Amino acid sequence: MNEATLVKLEFSKVKEIVVSMAVSPAGKKLAEGMKPSSDYGRVLAWQQETFEGAELLASGASIPLSAMDGIEPFLSLLGKGRIYTEQELEQLVVWLTSVAQMKRYMNSKRHIAPTISGYADSMHDCPLLREELERCLRYGILRDEASADLAYIRRQIYSAEDKIHRRMEQAMGKYRSFLQENVISKRSERFVLSVKRELRKHVPGSVLDESSSGQTVFIEPTEVTELQRELQQWKTSEDRERTVILSKLSQLADDYSSELKTNVQAMASLDYLMARAKFARSCGGKRIEICDEPIIKLVGAKHPFLPQASIPLDVELGIGWKQLMITGPNTGGKTVTLKTIGLFTIMNQSGLLIPAEQGSKLGLFKHIVADVGDGQSLEQNLSTFSSHITVLGEMLKHAGPRSLLLLDELAAGTDPTEGIALSIAVLEQFLERDALVVATTHFNEIKTFAAKTKGCQNGRMAFDPETLQPLYRLEIGEAGDSQAFAIARRYGLPETVVIRAEKLLLGRNNAARIEIPEATRYESESVIVSESTKRNKHNVDKNKLKLDVSNEFNAKDSANGGRSQSDNNAPIKKKFEKGDVVWIYPLKRAGVVYQPADVKGVVIVQVKEEKLSFNHKRLKIYIPKEKLYPDETYDLDIVFESKENRKIRHSMSRKHVEGLEITISQDQQR
């Protein structure tokens, strides 16, 4: 699987979360190695483990996972003849206790998690080793009961120390006037008195140490010299007996080397799968159907890094079509949709439950390659376009029936005409190789390619034209608009700039109208009825009927010099008429209709002294003209023409005046 794709689709972030949810170093190491598989049996087994783990967590019980502190270094020394310390053996007995606890817990949950309960059956609690360690150790110290000899030696030590303590108290009373302080201290494990340096000759004994200032010397009185020699002999005997006991316990632990290593592997596996289960619970992951065929069907899918209130995604691929072209406005969710499809596929093949509703199903893919982001790199000297081409080359290398290819912003980074041609050629290659493709684009030519090509489908991110808000909902079967002007207004671009841009676009569309017949445009936007849209067949047929009527209207409009008529020559009622006051959603203000909608649905509206063009969907009737003007004979030029122009027109109607003229803007001529 492509590592760059795993990063681009944020699977690395998912992995980091799973790693953080493991409690042991061995479990974290397994989580760090998590990666997708295309093996059907393996993925099914992983999914079963994660599902059972999630069920255990849902039951509310606390799972006795062990952090296995210090166990791995300990096991690495097994079988090498090392004598372990009391602390290391204490860690081992605590570990064996947790293993026994896990076995009991899993046995009690066999009805909920039969598969992972079986993993616990492979663990060994080593009762003989555990009991011997518990008998000999307590809180990391050898107990007196570890051996009879150790018990005898320690009794002699306690007796010797008691004798020394009594003798030292007698000496402290005898030499009180020569002492720096009346306390019994220890130096090098021997009892001493703190004597003033200038009076040290008055206290017979051996000087073992002195203070940092040199004003005090620490003397072992001659009264306790022989007793302290005896004490040291008993302590040497204790160390020798301690070594014998630890050697026997270490050998016993070595005898269970194989069982102990199996326990670590089993506990790490349980820790890792429970980390996957915790992640599933945190993001609402559910078990879905896994198919051996390369298909994708997501119902109510939510990206794990989006808020829970986000709009769920419904999408399918590989059932009715192989390629899906997603269009719509920026900030509308196209890239998130692309990432969700890719990430959920990788998560599913890695044994993770995905946050989607029942009815979802995912196939298995051998290659998943994503081209998301501009990919610029100073180190590799790559431009945006170079980066796209590099990824496209890799996609073509791996394209096949079990490949999922995700392309964000087709034809970006270069001349649009050449980029579109190159993109369509690549899409044709992908189609020939039966690869599944999801792509986002803003270009109408690619939308048209998807609409006319068998095996391809358009989809759009829904956008509310009234509130100018993206709805983050994918609608299969239709191509969307970029809504650049609406988004520009929403994010505060000056209104004068946006209005100028709309005028420039209108002029460009007018220039291109002769080159692109309306019938072709409607054909390219027709709805493809597929398996996913059969349930909406009635609505689709009705929409198609409207398009057919619109085509007929366009043809007759052209034939009659711009006058649209039905078979009985009755004029078709238009939505807006000249003189209507309409509410303009983008401007959030009212205007007066100067020219009704043309065949493209463009209405010219007068706002103050400017005549602006808007799509009819961005307007609604505010005050009909019937309620504003006294009768049909009312001269609307009073509304739309300046006082100066009306005077000139009146003069021209009476007589010819040399040089007198009225200037009409391009919009007024339409």
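Tabulated data
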read-out: Spacing of the two label points (7 Å from each Cα toward its C-beta) at Glu259 and Ser62, in nm; value: 2.8 nm
read-out: Hz values of 3J(HN,Hα) by residue in region 249-265 - Karplus curve (6.51, -1.76, 1.60), Gly and Pro given as x; value: 5, 5, 5, 5, 5, 4, 5, 9, 4, 4, 5, 5, 5, 5, 4, 5, 4
read-out: Sorted peptide list for 171-177, 319-325, criterion being average Cβ within 10 angstrom, highest first; value: 319-325, 171-177
read-out: Which listed pairs, of Lys28/Lys261; Lys278/Lys366; Lys28/Lys286; Lys286/Lys452; Lys8/Lys297; Lys322/Lys600, have C-alpha distances above 25 Å, in listed order; value: Lys278/Lys366; Lys286/Lys452; Lys322/Lys600
read-out: Farthest toward positive dipole pole in region 415-460 [+1 Lys/Arg, -1 Asp/Glu at C-beta], among Phe449, Pro416, Gly459; value: Gly459
read-out: Surface/4 of the Cα convex hull for region 155-232, nm²; value: 4.7 nm²
read-out: Cα-based convex hull volume of region 125-281 per residue, rounded to whole Å³; value: 187 Å³
read-out: Leu471 versus Leu44: modelled label distance in nm, points set 7 Å from Cα along the beta carbon direction; value: 4.0 nm
read-out: Karplus-derived 3J(HN,Hα), 6.51/-1.76/1.60, for each residue of region 116-130, Hz, glycine and proline x; value: 6, 5, x, 5, 5, 5, 7, 7, 10, 8, 6, x, 5, 5, 4
read-out: In Hz, Karplus ³J(HN,Hα) per residue of region 351-365 (6.51, -1.76, 1.60; θ = phi - 60°; x = Gly, Pro); value: x, 9, 6, 10, x, 9, 8, 4, x, 6, 8, 9, x, 10, 10
read-out: Packing-based ranking, highest mean first, of 340-346, 46-52 given that Cβ atoms within 10 Å are counted; value: 340-346, 46-52
read-out: Residue-span extension gain [Ile290 to Arg155] - 0.36 nm each, minus C-alpha spacing; value: 41.6 nm
read-out: Amide proton proximity set for Tyr84, modelled H, under 5 Å, gap of 5+; value: Ser250
read-out: Amide H contacts of Glu210 (H built 1.01 Å from N, under 5 Å, at least 5 apart or other chain); value: Phe218
read-out: Among 608-618, 15-25, the order from most to least packed when residues are scored by Cβ within 10 Å on average; value: 15-25, 608-618
read-out: FRET efficiency, Ile184 to Val244 (Cβ-Cβ, R0 35 Å, nearest 0.05); value: 0.60
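Computed from the coordinates by the stated procedures, all read-outs in this text should not be read as laboratory data. The structure displayed is predicted, hence computed values, not measured ones. FYI the Cβ positions are ideal-geometry reconstructions off the backbone, even for glycines, and counts take in every protein chain you see.
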